[in-house]
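Report on the structure given below.
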Amino acid sequence: MSGQDAHVGRPGARPRSFERARRLPLVGRALDWGMGPSAASATTRNAGARIAGLKVTESVCPYCAVGCSQLVYTRGDELVDIEGNPRSPINQGTLCPKGAASRQLIDQPGRLTKVRYRRPGATEWEELGLEQAMDMIAERIIAARENGWQDVDRQGWRVDRTLGFAHLGGATLDNEENYLIKKLFTAMGAIQIENQARI
């Protein structure tokens, strides 16, 4: 009997000799103890899958630059579970501890949902509106650009650049976001532009 014939056709199946032994009246019953359908209790058989009836959406893990695929299970607006996507060639259904716990990004009761700001010299945080916070960021970027602006370098070469700020991109940004960030900061005159994935 060849090695191919010695095993059942599907991957991970038991050898045919084992399957034949299971069909023997007394031996087969002994081999089935603690294995196969006989190992499951009635409660287990009736429980059903915990993800049955849930909507599944493919997503990408928000942490490192590997790009592991996730399956996000929801019921209406409620996040139920996040698992690795077995169809992904990158992670093949597995997730690292951070990726497996990424559900906490939504369900963590201590997650900040408002802008908090501590003024220079202050000892307490204050809550700001999103528009006010965005205006403050824009004003500081413009001020840093102007204060660090260089028309020419030490040798007299025209450079039209600013050394007032730099940008460090996140590794979880997609190509389109990184492209737009590069264009924006280059247009503002920045030359120190880097990405987390390269560091």
Debye intensity ratio in log₁₀ form over the Cα atoms of region 51-178, taken at each q of 0.15 Å⁻¹
-0.95
Test of understanding: extend the Cα→C-beta vector of ASN195 to 7 Å, then name every residue of region 52-84 with backbone N under 14 Å from that spot.
64-67
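On alpha-carbon atoms, Rg over Rh for region 148-198 using Kirkwood Rh?
On the way: Rg = 12.7 Å, Rh = 11.8 Å.
The Rg/Rh ratio comes out at 1.07.
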Pairwise centroid distance, computed over Cα atoms, of region 51-98 with region 136-199, Å:
34
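Roughly what % of Cα-Cα distances in region 55-107 sit above 19 Å, to the whole percent? Present the calculation step by step, with values, prior to reporting the outcome.
Numbers: 246 of 1378 pairs.
Result: 18 percent of Cα pairs exceed 19 Å.
Every number here is computed from the coordinates shown, using simple stated rules; none is lab data. Source: prediction; values computed, not measured. Here Cβ is always computed from backbone atoms with ideal geometry, including for glycine, and neighbour counts include all displayed protein chains.
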